[in-house]
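Please read the structure below before turning to the comments.
The values are calculated or read from the model by the stated rules, or taken from the named source; none is laboratory data. In this text, all values refer to a predicted model and were calculated from it rather than measured experimentally. As a convention, Cβ positions derive from the backbone with ideal geometry for all residues, glycine included, and neighbour counts pool all protein chains shown.
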Amino acid sequence: MPETGKLQLAPHETLQLHELLGSKVALVKKLKASQAMVQNPDLANLIEDSLNTKKLEIKELQQFLEGKGLQGTLQ
């Protein structure tokens, strides 16, 4: 029986989380590349807000995968 407070994920759930993390990282790279080409200030602000949100989501996923409530490895 798993320890109380520790969350066990099935292998496919771990894979799905890694895929989600990878897609968010790819989106951040794409937004950063687009940001350099944008001239409209409103669009630049929207991209900046999106970047900040995605970076926060990535950080939260990484923390979850690194052990905040997850028993397992990232390999």
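So, Q39, is that one of a type outside the set (D, E) and either surrounded by 15 or more Cβ atoms within 10 Å (Cβ to Cβ) or at pLDDT below 90 (or both) or not? Break it down stepwise before answering.
Numbers: of a type outside the set (D, E): yes; either surrounded by 15 or more Cβ atoms within 10 Å (Cβ to Cβ) or at pLDDT below 90 (or both): no.
So Q39 does not fit the description; no.
Among the residues of region 41-62, the ones that are among the β-branched types (V, I, T) and touching a helix residue (DSSP H, G or I) at 6+ places or on another chain (Cβ under 6 Å) come to 2 in all.
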